[in-house]
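I have placed the structure first, in the form of structure tokens, so that the comments after it can refer back to it.
The values are calculated or read from the model by the stated rules, or taken from the named source; none is laboratory data. These numbers come from a predicted model, not from an experiment. As a convention, Cβ positions derive from the backbone with ideal geometry for all residues, glycine included, and neighbour counts pool all protein chains shown.
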Amino acid sequence: MNAKTEPRKIPTPLYAAAGAGELAYEQLRRLPERVAELRGRVFELRPVAEAVTERVSERNLRADLDKLRDGARRNAQAFVSSAQIAQRQAAAVYDELVARGERIVAGARTEQAKAQLATAKAEIKDAEKTEAKVEAEALIERHAEDAQQPLPSVPAKPTKRTRAATNK
């Protein structure tokens, strides 16, 4: 085993995916508010849509299509430059998603590390309690064994016998 451990490098697309997921979650939380806002706009725009539908005729539609076709041909270069701008914007959004994902992953790692640390501390405390309990039980057993052993025999001391004193 190496004495030096190298941190695993997380690929950028994974960070982007994490950032996109977090962004989607954030947008979903705002969804009910947005739906209520759009319901109000539907009622406002319904009369406008009906008025436009009444004014459009097939002849007007044909003329509008011809104008649009000519405009598209003239503005082909503008579309290319717009595509390049969109590409730069997409790269910027991707970079933002990567940064967001890095924050999310770092936060998750921090939370995971805190949880692991708390678990380790609890396990150490339990192990210390268990170790102290085992040591106490071993000490009690040793003293119990000592109490069950017979006391060593002590040789009897010779006693001095004296004669009883006689009255004279």
Note: among Glu96, Glu44, Glu102, Glu111, just one is assigned to a helix (DSSP H, G or I), acidic (Asp, Glu) and more than 30 Å from Ala16 (Cβ to Cβ), namely Glu44
All-but-one check, Leu45 against (1) within 18 Å of Tyr94 (Cβ to Cβ); (2) hydrophobic (A, V, I, L, M, F, W, C); (3) at pLDDT 85 or above, failing number (1)
In the range 81-110, residues that are in contact with a helix residue (DSSP H, G or I) (Cβ under 9 Å, 6 or more places away or on another chain) and not acidic (Asp, Glu) total 10
